[in-house]
Amino acid sequence: MSEREPAGVVWGLMRGALTTKALAIAADLRVAHALAAGPRPLAELAAESGADPDALHRVLRALASEGVFEEVEPGVFASTPASELLAAPGWEAFAHVFGGVFYRALADLDATGEASFPAAFGTDFWSWLARNPSERAAFDVAMEQGKERRLGQLASVEWRGDETVVDVGGGNGSLLVGLLRLHPGLRGVVFDLPETVRDEAALGDRIEFVEGSFFERVPPGDVHVLCTILHDWDDEPAAAILRTIHAAAEPGGRLVILDGVIPEGNTQEGPKWLDLLMLALSAGRERDEAQWRALLGGAGFDVVGIRDGLIETVCR
């Protein structure tokens, strides 16, 4: 149970939309980049970004009250360790998508169980991304955030050393590139939609990019990887993805999943809030351990272990 004062708890939650939007404004105006060399007057920041000086001051002042930027003297702002994150590509892109497309979709979220995104945008989330290349690029960069942690999780798997690893829905391939650096004997396949923004030259000669939809087919391999993919989908489409992988895998082939596992109790956990975002975007969901076991078992996979968001399975 929280020890915070009750009104503080409720107020902190209610103003969440304001903090999300303020972070997105600062990221899109590249304020963190402008302050990289040291404190600067607000007038300079506004002139460089094209923002209204008074409006920008109000945004930065509010963020500074939470430790994101600091007003070191009236009208002069500096970076803080928190605001410096907004100069990193992954965090900057995350702030952009959370304060933009995610923000608009969440505005219409309700308790009907239906995704709110299609009504707000006139199409489903993935089709919208395909029609908006700049937003698709920002989304792909944002999804790289936390890559080092995910790479550590994936590296902890017991690798034979000569397998072909298929990263299903692998985006720009950065996770697989990192894994193959650690295991020179592995080969890889990144499988994703053709509109995925990528630098195929960066994949090297041991990784191939294959275009396609994981609802239709996936390339064969010794180990298939799903990294934060299944939470985008409710159980029926998630099971369809798993069945497609099952059809491409040999009996005994491995499927490794990196995804949230909702813990029991009232602990403050990110997956509990991401669950609402998944509902808004695509009627997807985060899952607890029992739900993961039921979903995977029904699609023909036996769970070998679940630990810290890493789910290891074998194909029956």
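The values are calculated or read from the model by the stated rules, or taken from the named source; none is laboratory data. Quick caveat: nothing in here was measured; it's all calculated off a predicted structure. Positions of Cβ are backbone-derived with ideal geometry, glycine not excepted, and every protein chain shown enters the neighbour counts.
Worth a mention:
- Where Thr196 falls short, out of the listed (1) crowded, with 19+ Cβ neighbours inside 10 Å; (2) at pLDDT 85 or above; (3) outside any helix (DSSP H, G or I): (2)
- Filter result (in a loop (DSSP other than H, G, I, E, B) and crowded, with 20+ Cβ neighbours inside 10 Å) within the range 137-154: Met143
- Residue pairs whose Cβ atoms lie under 8 Å apart, sitting 6 or more positions apart in sequence or on different chains, and linking a residue in the range 241-260 that is under 14 Å from Thr164 (Cα atoms) to a partner that is among the hydroxyl-bearing types (Ser, Thr, Tyr), are Arg254/Thr313; Leu255/Thr313; Val256/Thr313.
- Any pair with Cβ under 6 angstrom, 6 or more apart, that starts in the range 48-68 at a residue that is closer than 14 Å to Leu23 by Cβ and touching a residue at least 40 places away in the same chain (Cβ under 8 Å) and ends at one that is buried (at least 16 other Cβ atoms within 10 Å of the Cβ) and of a type in the set (Val, Ile, Thr): none
- Remark: pairs (first residue in the range 264-290, closer than 9 Å to His231 by Cα; second residue of a type in the set (Val, Ile, Thr); Cβ separation under 9 Å; 6+ apart in sequence or on different chains) = Asp275/Ile262; Glu286/Val261; Glu286/Ile262; Arg287/Val261; Arg287/Ile262.
- Residue selected from the range 196-206 under the condition of a type outside the set (A, V, I, L, M, F, W, C) and farther than 11 Å from Gly171 by Cβ, by the criterion nearest to the chain's Cα centre (by Cα): Asp199
- Cβ-Cβ contacts under 7 Å between residues 6 or more apart (or on different chains), taken from a first residue in the range 296-316 that is farther than 19 Å from Asp222 by Cβ to a second residue that is of a type in the set (A, V, I, L, M), are listed as Gly298/Ala239; Ile306/Val261; Gly309/Leu258; Gly309/Val261.
- Among the candidates Val10, Val101, Val31, residue that is closer than 29 Å to Leu279 by Cβ, more than 19 Å from the chain's Cα centre (by Cα) and not assigned by TED's automatic domain parsing to the domain that holds Arg285: Val10
- Tally, over the range 23-42, of residues that are under 14 Å from Glu71 (Cβ atoms) and assigned to a helix (DSSP H, G or I): 3
- Per the conditions (1) touching a strand residue (DSSP E or B) at 6+ places or on another chain (Cβ under 7 Å); (2) aliphatic (A, V, I, L, M); (3) not in a loop (DSSP other than H, G, I, E, B), the sole criterion not satisfied by Ala201 is (1).
- Sole exception among (1) in contact (Cβ under 8 Å) with a residue 12 or more places away in the chain; (2) closer than 30 Å to Leu310 by Cα for Gly152, by number: (1)
- Single condition Leu226 does not satisfy, out of (1) in a helix (DSSP H, G or I); (2) within 22 Å of the chain's Cα centre (by Cα): (1)
- Selection status of Gly75, over 29 Å from Glu144 (Cα atoms), without any contact (Cβ under 8 Å) to a residue 40 or more places away in the chain and in contact with a helix residue (DSSP H, G or I) (Cβ under 6 Å, 6 or more places away or on another chain): yes
- Filtering the range 174-190 to residues that are out of contact with any Asp or Glu (no Cβ under 7 Å at 6 or more places or on another chain) and either within 18 Å of Ala130 (Cα to Cα) or not charged (D, E, K, R) (or both) leaves Val177, Gly178, Leu179, Leu180, Leu182, His183, Pro184.
- Matching residues in the range 78-136 - criterion: being in contact with a Ser or Thr (Cβ under 8 Å, 6 or more places away or on another chain), in a helix (DSSP H, G or I), at pLDDT 95 or above and surrounded by fewer than 17 Cβ atoms within 10 Å (Cβ to Cβ): Tyr103
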